[in-house]
Structure formats: structure tokens, C-alpha cells
Amino acid sequence: MAKWDLGKLSNASQKGKPMAKYTRSEILDTAKEYVTKDRASEHGDMESNLTTIAELWGVYLERHVDPSDVAVMMTMLKIARIKSNPTNPDNWIDGCGYMACGGELLAKRPPSKPIPPYEGGNT
């Protein structure tokens, strides 16, 4: 199984201590442990939390934000943190966890109707 070569990532040698060697399986297993444990007693229900965040962000942005959008944007936050500190394993693990939560939320939804392609012209 391949190991992460963090020395190839930008600024890896300049940020903190190097991350322990993790395999992709270890990162995913840790993320799975985090998102499948009963965290609701401490943090509340995942879907409720993402829905609340989406509603708050929607008010601020003055547009609809879906709970799955929150999962994507939180993943992007983790990606931005990876750019600043690629050796922090929490960013890699949490990014996987947010993607799993977003995927679960979308899998629960009925399929949406396809948007017809734009055909141009004046209407």
C-alpha cells in the first residue's frame, strides 16, 4: 500500500512536525470512525446541524444553500487548511468525513428532475 509523500506537497517541510505515515485505508478508517460514532449526544444530529448551517448561510448569502452544499464547502475549508498545513492529519480525515456526510444526505433525496440544456435565443 502506498504511503503519503508529504515532502512533495507545497510548504510541507516548513509547517510543524511531519505527519505520521498514513495509508489511504487508515485515513478512511479514521474518518469512518469519526462519522459513524454517536457524536449526536455531543454535537447534535448531523443532518440537523448541516441543515441549520445551510439556513444560516442562506440568510447571509441571500440565496438557497442546501445541507449537502455545506458538506462540500466544509470539505473545501479542509482543502484550504491542507494548503496551509499539509501535515495535519485532521484536515485529510475531516475532509473525507464531510464528503461522506454530504453523499449520505444526497442519497436520501429523491432524484431531481434533469435541467434541460440551454438552447439559446431570445424569449
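Tabulated results
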item: Among SER48, LEU61, ASN91 the positive-end extreme of the charge dipole of the stretch 46-123 (Cβ point charges); result: ASN91
item: Filtered trypsin sites (Lys or Arg not before Pro), the stretch 52-104: DSSP coil and at most 14 other beta carbons within 10 Å; result: ARG63
item: Derived scalar couplings ³J(HN,Hα) [the stretch 82-88; Karplus, 6.51 cos²θ - 1.76 cosθ + 1.60; whole Hz; x for Gly, Pro]; result: 4, 4, 6, 8, x, 8, 8
item: In nm, spacing of pseudo-spin labels at ALA80 and THR36 (7 Å Cα→C-beta vector); result: 3.1
item: Largest to smallest accessible area among THR23, THR51 [probe 1.4 Å]; result: THR51, THR23
item: Filter on LYS83/LYS113; LYS32/LYS108; LYS78/LYS113; LYS21/LYS78; LYS37/LYS78; LYS21/LYS108 - keep pairs with C-alpha separation over 27 Å; result: LYS83/LYS113; LYS78/LYS113; LYS21/LYS108
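The values are calculated or read from the model by the stated rules, or taken from the named source; none is laboratory data. From a predicted model like this one, the values you see are computed outputs, not experimental measurements. Heads up, the Cβs are rebuilt from the backbone with ideal geometry, glycines too, and the neighbour counts pull from every protein chain shown. Quick note on the areas: whole protein, heavy atoms, side chains included, nothing else; ligands and nucleic acids left out. Shrake-Rupley method; radii C 1.70, N 1.55, O 1.52, S 1.80 Å.
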